[in-house]
1. Hey, any hits in the range 290-311 for a residue that's away from ligand 2 (no atom under 16 Å from the Cβ), in contact (Cβ under 8 Å) with a residue 60 or more places away in the chain, on the phi > 0 side of the Ramachandran plot and not polar (S, T, N, Q)?
2. Keeping to the range 284-302, report how many residues are within 13 Å of A184 (Cβ to Cβ), touching a Ser or Thr at 6+ places or on another chain (Cβ under 9 Å) and modelled with pLDDT of 85 or more.
3. Could you say whether any residue in the range 416-424 is part of a helix (DSSP H, G or I) and closer than 23 Å to Y331 by Cβ?
4. What residue, among those in the range 317-332 that are surrounded by 13 or more Cβ atoms within 10 Å (Cβ to Cβ) and in a loop (DSSP other than H, G, I, E, B), is nearest to ligand 2 (Cβ to nearest atom)?
5. Hey, does the range 150-164 have a residue that's surrounded by fewer than 18 Cβ atoms within 10 Å (Cβ to Cβ), among the acidic types (D, E) and in contact with a His (Cβ under 8 Å, 6 or more places away or on another chain)?
6. From the set of residues in the range 441-473 that are in a strand (DSSP E or B) and closer than 17 Å to H362 by Cβ, which is farthest from ligand 2 (Cβ to nearest atom)?
7. When you check G82 against the structure, is it within 16 Å of ligand 2 (Cβ to nearest atom) and touching a residue at least 12 places away in the same chain (Cβ under 8 Å), yes or no?
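The values are calculated or read from the model by the stated rules, or taken from the named source; none is laboratory data. From a predicted model like this one, the values you see are computed outputs, not experimental measurements. For neighbour counting, all protein chains shown are included, and Cβ atoms are generated from backbone atoms with ideal geometry for every residue, glycine included.
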Amino acid sequence: MPSFFPMWVVVTHFLNLFFMLLLFRSGFEVLSAFPKLYWHDDTPPGREWARLSKKAFGADSRKPWSSLDEEESWSPLVALPGRKNLGLGRHWHFMSIQFWILTGAVYLVMVFVTGYWHYLVPAHWSLVPDSIRSIGAYLQFELPAKIPGEPFEPAQKLAYFIVIFIMAPLQIASGAAMSPSVLARFPWYGRLFGGKQGARSVHFLLMCAFAAFTVLHVAMVVIHGVPKEFAAIVLGDPGGNRRLALGIGLAGLFAILLLHVAITWFSLRYRRRTQRLLGHMVNPFERVLSRTFTSRQHFGRGDISPYFRVNGYPPPGDDYQALAESDFRDYRLSVGGLVEHPLDLSLEQLRALGEQSQVTKHNCIQGWTAVAEWGGVPLARIVDEVRPSPQARHVVFYAMDDKGLTEGDGRYGFFYGTIPIHLADNPQTLLALEMNGAPLPVEHGAPLRLRLETQLGFKMVKWVTAIEFVADVTDIGQGMGGWREDQQFYANAAGI
Ligand SMILES: Nc1nc2c(c(=O)[nH]1)N[C@H]1C(S)=C(S)[C@@H](COP(=O)(O)O)O[C@H]1N2
Ligand SMILES: [Mo]
């Protein structure tokens, strides 16, 4: 029989607590960006099953609004880092998840190598009635007896089994089912959860279950007696020095608390540095997950969402107004940079390069989704025409909306976005001219917008005026690879 509390249990238990708290808080940050939960991927306003926000926007709201207006500013006490920092919250979440999974993997290997799994995996259905009896005992203020020869009582064993072997894998799987590149490459996988919103709701409910488990778990430690339980879980020996165990245990908890205070403060104070530092760990993770994925979405016209949110207000200037009023007759798309054959195209000439259409699902980084049909010219056609030089590594899309005039919040400059050049050739990378069979509406990017069906919405620049092939993006804007990356600290990698 293996030891009840070997050192590897002690260490992985502590690391698990550490990373779970990071995941809880950064998860709240992500939720605050779109504090609504749905079961259907159409996500129309007002049809959410839960809303953690007082703001109510109706589909028929008379005031024009943008999905960023739905974002909430949550306190750093609950969210990491708090205060509308979705980009940084995601960075913390995706950094922590890698280490949480690693901790879990080490734990599971040890569980099976050492035979410890006997304590966690029910051998017989009788564990269920036994667990009910255990719970009955607790309710009568009695402590149930442990299973003979094992460290846990029946309800405890069952709870650990559910948390480790059911909840944790489901939480990882539902997390993956929210990634736009995973959803685009394996549409069937999203359907397992009833779509991205189903996955998002399941992910939220499992988080609640983890939180409830944590509270109950701590309560049980208190009920069973802190000094003795601390000796077991800190020293790996229930008979160990209780004072020492309490000292080390409380010091460990205090260290976690201090660290959370420190990283929250650092993240809010040095947002750019946090974005860069965590980016070193998060961007490669994203690349491994999504680099080779191309979109294989083929929805039917019947799947088109009746309501499609808008994010980003249209260009307010007179120039754009005049263009729009003349049906974009004088619009020209200029394509240049590191290319052999620069272009200056009217919409007519652009169309002549060959059109394609696709019905796909849009994934905004905030969390909402909607399906639409997009028609336009594959970006690959443009690449064929202009022939980028071998030095060209990124494609830059310049937009006509000056965000300083439309969004405020201390942000400024024209919107732009960049993509790695390998995405330009993807079959569903489109310069869209049409939405749902009609010319692109002004609010959705008329006359031309980018569609990248494996990426988050913020990469799909609307109101495109120019395209440039470049070797490096660091001398454009603030150098982070896009307007939202520059000003909202989003990750440049947008496949998860
Ligand atoms: N020019 C421009 N393009 C933009 C934005 C913007 O603010 N300006 N917002 C982006 C974001 S965050 C999203 S989710 C999508 C939203 O597209 P939609 O408004 O057509 O729904 O556009 C993207 N493209
Ligand atoms: Mo977005």
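1. no
2. Within the range 284-302, residues that are within 13 Å of A184 (Cβ to Cβ), touching a Ser or Thr at 6+ places or on another chain (Cβ under 9 Å) and modelled with pLDDT of 85 or more number 6.
3. Scanning the range 416-424 turns up at least one residue that is part of a helix (DSSP H, G or I) and closer than 23 Å to Y331 by Cβ.
4. Selected residue: G317.
5. For the range 150-164, residues surrounded by fewer than 18 Cβ atoms within 10 Å (Cβ to Cβ), among the acidic types (D, E) and in contact with a His (Cβ under 8 Å, 6 or more places away or on another chain): present.
6. The extreme case among them is V464.
7. Numbers: within 16 Å of ligand 2 (Cβ to nearest atom): no; touching a residue at least 12 places away in the same chain (Cβ under 8 Å): yes.
No.
This table checks each residue for (1) out of contact with any Phe, Trp or Tyr (no Cβ under 9 Å at 6 or more places or on another chain); (2) within 18 Å of N311 (Cα to Cα).
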{"site": "A392", "(1), (2)": "no, no"}
{"site": "A399", "(1), (2)": "no, yes"}
{"site": "H422", "(1), (2)": "yes, no"}
{"site": "L450", "(1), (2)": "no, yes"}
{"site": "D472", "(1), (2)": "yes, no"}
